[in-house]
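See below for the structure under consideration.
The values are calculated or read from the model by the stated rules, or taken from the named source; none is laboratory data. Computed from a prediction, not measured in an experiment: that's the story for all the values here. With ideal geometry, Cβ positions are generated from the backbone for all residues, glycine too; neighbour counts draw on all protein chains shown. For the accessible areas, the whole protein counts, side chains as well, though only heavy atoms, and no ligand, DNA or RNA atoms are used. Shrake-Rupley method; radii C 1.70, N 1.55, O 1.52, S 1.80 Å.
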Amino acid sequence: MKIAAVGDNSTDVYLEQGETYPGGNTVNVAVNLIRLGGEASYVGFIGTDEYGAKLKKALAAKGVDISHLSNKTGTSPYTEITLDNGNRVFGKYDEGVMEHFYLSEEDKAFICGHDLLHTSVWSRIENDLKELGERGAVISFDFSDQPQHECVDIAMPYVNYAFFSFQQDSPELREFMQKCWNKGPKYVVATLGENGSLGFDGSVFVEQGIIDVPVVDTMGCGDSFIAGFLYGVLQGLDLKSCLESGAQSAAVTIQVNGAWPVE
């Protein structure tokens, strides 16, 4: 059970605490999948700076395969963050070297040797998905809170597992999820923050609540949910069980500072 997490990374810079934590959607999914018992690789660019060095070291310490993590001259991506009652508030974002991210032929061959590819709206590979799918890749895509982003129409026909982030269930959301499903995915999932999550398999909507635990920091909880969901997928679980696995994983993450503990 090995996934290739491809694309965005970001160092989360907590201004009030003076702390930095490696993160980014695909990075967080990779690390959390390993925590759950799977295997993961990360494919992406980092810069020649302290943030990049820390990310590389942290991923290696977690057991992530970083053989296709590339150093590029320049700065690594970072996001400035403050906390409001444990909820993250995003400030300045610098994309750094990931602004010019691309997949080499060696990267594509490497990715297609995995059981599943996970990527995201900020990863810049939506135009590669058709080719990767034709080469056998099973594709998970986190569209985050960007349902109107141009990559939704580009990527959706080639995505097996589509994830979005909303605030609450509604008839409009369910209609949107049905429209997404009609374009190709097996499952369409919406995380709903404190309202849990909602999944659609083409026939029925399945609701899942949150696991009630003390909240320290919500950073990365949605990514952790995706990792838990995909771990269920790789084990052959049904939609309801995958949603439960996602909720359990997210509950672990919100009890620590940052998206995951760094040794």
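Can you name every residue in region 149-178 that is more than 20 Å from ASP8 (Cα to Cα), open to solvent by 30 Å² or more (accessible area, probe 1.4 Å), touching a residue at least 12 places away in the same chain (Cβ under 8 Å) and outside any loop (DSSP other than H, G, I, E, B)? Matches in region 149-178: PRO157, ARG174, PHE176, GLN178.
For every residue, the table says whether it meets (1) of a type outside the set (S, T, N, Q); (2) out of contact with any Pro (no Cβ under 7 Å at 6 or more places or on another chain); (3) open to solvent by 20 Å² or more (accessible area, probe 1.4 Å).
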site	(1), (2), (3)
GLU207	yes, yes, yes
LEU234	yes, yes, yes
GLN248	no, yes, yes
GLN255	no, no, yes
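Among the conditions (1) over 18 Å from VAL252 (Cα atoms); (2) open to solvent by 10 Å² or more (accessible area, probe 1.4 Å); (3) in contact (Cβ under 8 Å) with a residue 60 or more places away in the chain, the only one that ASP94 does not satisfy is (3). The residue list GLN255, GLN235, GLN146 contains one member that is free of Cβ contacts under 8 Å to residues at least 40 places away in the same chain and not β-branched (Val, Ile, Thr), which is GLN146.
Going by the structure shown, is SER144 at pLDDT 95 or above, in contact with a Ser or Thr (Cβ under 6 Å, 6 or more places away or on another chain) and assigned to a loop (DSSP other than H, G, I, E, B)? Yes, satisfied. Entry remark, region 215-257: residues being over 16 Å from ARG35 (Cα atoms), among the acidic types (Asp, Glu) and in contact with a strand residue (DSSP E or B) (Cβ under 8 Å, 6 or more places away or on another chain) number 2 in total.
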